[in-house]
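In what follows, a single structure is set out as structure tokens and then discussed.
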Amino acid sequence: MIRHIRIWTLIALVALGTACAPSEETVEPEVATPEVAPKPLPPVSVLIGHRVADFDTWKTVFDEHMPTRKEAGCLGHYLKRGVDDRDMVYVYCLATDADRLRAFLESDDLADAMQRAGVQGEPMITLMQPMSRDLVSGRLLPGIIVMHEVQEYDVWRVFYDEFDDYRRANGIVGHAVSRDYDDPNQIIVYHQAEELDSLRAFVESTELKETMERASVVGEPDVRFIRVVGYADY
């Protein structure tokens, strides 16, 4: 009888020990989702504005000249036409190398292509350093190109960033900021909107004018209303 009690006691102790033993189940550690770093901006870009005699003729030569732009480091282009002057055409290109792009812009080959395309008068060519870019891509939206001088970029940038809520509340859906490559206090701002009327109202707003004054904008800004008519990646 005593022997039976000892056996049952031993069985109970073994069972209790098994129940209290730590589980063998593997717990997978939590893996933090890596943050995706923002894609770096290309180091240089260019905005070319000029009047053309006939858009279709100009576009044919422009398309034929694409391999040369690609060799100069251009990553693609956006084509824009003036809203109030349809003969004004603007070409915007991001690029990989400032020296290669500058050489292309100063080349006889580009001058010859512009002449064959029917460009009238001296083109406006602005080499730029992209500073920020938050644009709606893949849509032919109206926009404004605003060029002005500032006393100090860093001071102006604080006011510009603080004005973002007002911009978005008044129809601005995308924007980009660049600095003139050779004169960093010359600023080029691009704004997109769904409707042209939103852009006109924004430009005429008292709030914008007061903010530009506080941000120490020098002189009157040069504002051009445009609409994107085409784009391509190279």
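Side notes on the structure shown:
- Which listed residue, of R139, R157, R227, is in contact with a Lys or Arg (Cβ under 8 Å, 6 or more places away or on another chain) and charged (D, E, K, R): R227
- Residue count for the range 66-98 satisfying the condition of being free of Cβ contacts under 8 Å to residues at least 60 places away in the same chain, touching a Gly at 6+ places or on another chain (Cβ under 9 Å) and of a type in the set (D, E, K, R): 1.
- Hits in the range 66-92 (condition: buried (at least 17 other Cβ atoms within 10 Å of the Cβ) and touching a Leu at 6+ places or on another chain (Cβ under 8 Å)): A72, G73, C74, V83, V89, Y90, V91, Y92
- The residues of the range 201-217 that are within 26 Å of S45 (Cα to Cα) and either in a loop (DSSP other than H, G, I, E, B) or touching a His at 6+ places or on another chain (Cβ under 7 Å) (or both), listed by number, are A215, S216, V217.
- Yes/no for V155 being under 21 Å from K39 (Cβ atoms) and β-branched (V, I, T): no
- Scanning the range 148-200 for residues that are of a type in the set (A, V, I, L, M, F, W, C), assigned to a strand (DSSP E or B) and farther than 17 Å from R227 by Cα yields V150, V177, I187.
- In the range 179-197, the residues that are under 22 Å from E220 (Cβ atoms) reach residues that are polar (S, T, N, Q) and assigned to a loop (DSSP other than H, G, I, E, B) with C-beta atoms within less than 9 angstrom, at least six apart or across chains, in these pairs: R179/N185; N185/Q151; A193/N170.
To keep it simple, each residue is scored yes or no on (1) buried (at least 17 other Cβ atoms within 10 Å of the Cβ); (2) closer than 26 Å to R100 by Cα; (3) at pLDDT below 95.
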site	(1), (2), (3)
P142	yes, no, no
M147	yes, yes, no
Y166	no, no, no
G174	yes, no, no
Y190	yes, yes, no
E194	no, no, no
L208	yes, no, no
G230	no, yes, no
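- Looking at S216, S205, just one residue is on the phi > 0 side of the Ramachandran plot and either aliphatic (A, V, I, L, M) or in contact with a helix residue (DSSP H, G or I) (Cβ under 9 Å, 6 or more places away or on another chain) (or both), and that residue is S216.
The values are calculated or read from the model by the stated rules, or taken from the named source; none is laboratory data. Model, not experiment: these values are computed from the prediction. All Cβ positions, glycine included, derive from the backbone under ideal geometry; neighbour counts span all protein chains shown.
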